[in-house]
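Chemist: Here it is, the structure in full.
The values are calculated or read from the model by the stated rules, or taken from the named source; none is laboratory data. Not measured: the values here are computed from a predicted model. Please note: Cβ atoms are built from the backbone with ideal geometry, for glycine as well, and neighbour counts cover all protein chains shown.
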Amino acid sequence: MKAAVGVRTIDWADGAIVIIDQTALPLETRLVTLRTVEELRDAIRRLAVRGAMALGVAGALGIALAASRAREDRRDLDRAVDEAARVLVAARPTAVNLAWGIGRAMAARSGGLEAILAEALRVLEADVATNRSIGKRGADLLAGKRRILTHCNAGALAGAEWGTALAVVRVLHERGAIDEVFVSETRPLLQGARLTTWELKDLGVPHRVIVDGAAASLILGGRVDAVVVGADRIAASGDVANKVGTLSHALAAARAGIPFIVAAPESTLDPATSSGDAIVIEERDESEVLEFAGQRIAPPGTRALNLAFDVTPADLVTAIVTERRVIRPAVDAPIASLDA
């Protein structure tokens, strides 16, 4: 599945980055061409491109974009990519994949533009294979769990093609092993209601949207067999940063005694961060909470605290599924990189 429209969520074409503008979904499928690092930074900030894996690809392609523009403008390549790395990594500080993708492309800078671009395209192609593997491994782990709850969007739109949590759902569906997926709407920007449903509809997976606050009741009421989510950063302790609201689902799953599974690539693991306490939590603009569709919904003068992520402690995580292994934080922490 290529983001349900036959194209990748993010790709490289004719010296530029092409993305599906996720802010326009599900009403419009809009392709946007990004020709400068500043345009990419703004697209990342406004969530036109989002999701851990897609941000990793965006980081790598962003360095290639900077190198390409430097050549065209006859500017110093090293200075251009250094500045691009600084600008891009600051756009979404919680998402470790963004910095990881940037680092991959930067490591090839001694070979010039051609080497940087080649490495960025390797990151892009590897993302597809990585997420297929996550899907199969996660589906094997959840055999017999037919009613799944997921939060935010960790599908094809969150990667180049397949995604993570929804890759697990997709493989289960292909095996005839899904009865229903409960999709939490994911306030305040409704990534679940807008994006995850768009993908599940395309796949033909039975699903229903629930308000975020209904999840715990459904889980404790015995109507959910497992919770499957993605991740934006996983500390060495096994603590998981993901879209705000994830922690509530984990607490309910633990109380109900059902699996709480995190599906994420190895690049989301951050062994250099010892625990969730050290993860920087992004705070987004208050207007996302105080307004809806451009209309104010809170009285004038009311303030909002708009935390984009929360941290789920490792002892609430049943397993972390990557493309290469199943990690059980209760016994496998501290988590080390396989490539260390």
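Chemist: Residues to consider are Leu166, Leu200, Leu195; find the one that is closer than 13 Å to Gly51 by Cβ, in contact with a Pro (Cβ under 9 Å, 6 or more places away or on another chain) and either assigned to a helix (DSSP H, G or I) or modelled with pLDDT of 95 or more (or both).
Modeler: Just a single option satisfies the conditions, and that option is Leu195.
Chemist: Continuing with the same structure: Could you tell me which residue of segment 121-163 is surrounded by the fewest Cβ atoms within 10 Å (Cβ to Cβ), considering only residues that are of a type in the set (Ser, Thr, Tyr) and part of a helix (DSSP H, G or I)?
Modeler: The residue in question is Ser133.
Chemist: Which number in (1) under 17 Å from Ala167 (Cα atoms); (2) within 24 Å of the chain's Cα centre (by Cα) marks the one condition that Ile116 misses?
Modeler: (1)
Chemist: Would you check if there is a residue in segment 235-242 being surrounded by 19 or more Cβ atoms within 10 Å (Cβ to Cβ), part of a helix (DSSP H, G or I) and modelled with pLDDT of 95 or more?
Modeler: No: segment 235-242 contains no residue that is surrounded by 19 or more Cβ atoms within 10 Å (Cβ to Cβ), part of a helix (DSSP H, G or I) and modelled with pLDDT of 95 or more.
Chemist: Which condition does Val311 not pass, out of (1) of a type outside the set (Lys, Arg); (2) in a strand (DSSP E or B); (3) outside the structural domain of Gly163 (by TED's automatic domain parsing), if it passes all the others?
Modeler: Checking Val311 against (1) of a type outside the set (Lys, Arg); (2) in a strand (DSSP E or B); (3) outside the structural domain of Gly163 (by TED's automatic domain parsing), the one that fails is (3).
Chemist: Sort out which residues of segment 126-175 are within 13 Å of Val227 (Cβ to Cβ) and among the charged types (D, E, K, R), and write them in order of number.
Modeler: Lys145, Arg147
Chemist: Under 14 Å from the mean Cα position of the chain (by Cα) and of a type in the set (Gly, Ala, Ser) - does that describe any residue in segment 180-189?
Modeler: Checked segment 180-189: no residue is under 14 Å from the mean Cα position of the chain (by Cα) and of a type in the set (Gly, Ala, Ser).
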